[in-house]
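Trainee: My questions will all concern the structure given below.
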Amino acid sequence: MAEAITTGDLAAWLREFARTVHEQRDQLTELDSAIGDADHGTNMDRGLAAAVAALDDAAPETAGALLKKVGTTLVSTVGGASGPLYGTLFLRMAVALGDDDAASAEQLAAALRAGLDGVAARGRAELGDKTMLDALAPAVDALDAALAGGAALGEALAAASDAAERGRDATTPLQARKGRASYLGERSIGHQDPGATSVALLVAAAATALG
């Protein structure tokens with residue numbers, strides 16, 4: 001298997017995501033204070049710390065088991081909409097990767113695509129609604145395109161991270177159509193979406209840990 005991504009690699013990704021969310025916790029919460037419940041940073045930090053602790057307690061042996069543990073931990077520890085949405089992302093990825101102890105770059109991309117579809121269905125959201133999908137969808141598309149063009153995993157993940165950051169930035173002028181922010185109507189315009197911001201951290205962490 002070319003460029004095999006091991007279960008340990010996936011754990012390193014999760015740990016890097018947890019580290020960067022902890023580092024950016026106050027910024028995420030500040031973004032959420034403008035258009036949400038002012039708790040996205042604290043909730044994600046708490047949930048990811050719990051996920052890391054769960055992996056430390058009993059390291060899963062397969063990719064699917066690891067992502068399932070992360071997903072279920074996030075659902076049970078992250079408040080608001082973020083817990084179910086991030087939980088769905090990781091749980092759908094877990095099903096896609098199954099019981100193998102390693103995955104190819106293409107399998108990882110397919111798992112992220114399954115996660116994206118799950119988040120869209122769970123949140124009943126689409127591109128342009130000013131949600132985490134606005135960073136996740138372009139990232140997955142960029143990853144697929146780069147791999148199809150023959151890029152190595154590191155290069156493809158860097159392209160995905162760039163796309164996630166552009167998607168994150170593009171949420172600022174949008175009017176929210178889903179979630180708590182949608183209640184603000186036009187007042188949601190001019191604020192960067194916190195969910196898209198944490199997704200950009202997720203994809204950047206993948207580029208760092210897996211690239």
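The values are calculated or read from the model by the stated rules, or taken from the named source; none is laboratory data. Given the structure is predicted, the values throughout are model-derived calculations rather than measurements. Counting neighbours? That spans all protein chains shown, and the Cβs are built from the backbone with ideal geometry, glycine included. Side chains are part of the model used for accessible areas, which takes the heavy atoms of the whole protein and leaves out ligands, DNA and RNA. Shrake-Rupley method; radii C 1.70, N 1.55, O 1.52, S 1.80 Å.
Trainee: Tell me the per residue accessible area of segment 5-210 using a 1.4 Å probe; a whole number in Å² is fine.
Mentor: 42 Å²
Trainee: Using amide H atoms built 1.01 Å from N in the peptide plane, name the residues 5+ places from ALA102, or on other chains, whose amide H lies under 5 Å from its own.
Mentor: ALA63
Trainee: Looking at segment 5-87, what % of the alpha carbon pairs are farther apart than 15 Å?
Mentor: Of all Cα-Cα pairs in segment 5-87, 55 percent lie more than 15 Å apart.
Trainee: Sticking with this structure for a sec: Expressed as a whole percentage, what fraction of the accessible surface of the chain belongs to carbon and sulfur atoms when a 1.4 Å probe is rolled over the protein heavy atoms?
Mentor: The value for the chain is 50 percent carbon and sulfur by accessible area.
Trainee: Which shape class, rounded, prolate or oblate, goes with segment 51-176 when its Cα gyration tensor gives a ≥ b ≥ c as root eigenvalues, a/c under 1.5 marks rounded, and past that a/b bigger than b/c marks prolate?
Mentor: oblate
Trainee: Charges at C-beta only: +1 for Lys and Arg, -1 for Asp and Glu. How large is the resulting dipole of segment 5-210 about its Cα centre, in Debye rounded to 20?
Mentor: Around 580 debye, computed over segment 5-210.
Trainee: Sticking with this one: What are the ³J(HN,Hα) couplings of segment 108-115, residue after residue, when phi is run through the Karplus curve with 6.51, -1.76, 1.60 and θ = phi - 60°? Round to Hz, x for glycine and proline.
Mentor: Per residue, the Karplus-derived 3J(HN,Hα) values read 4, 4, 5, 5, 5, 5, 5, x Hz.
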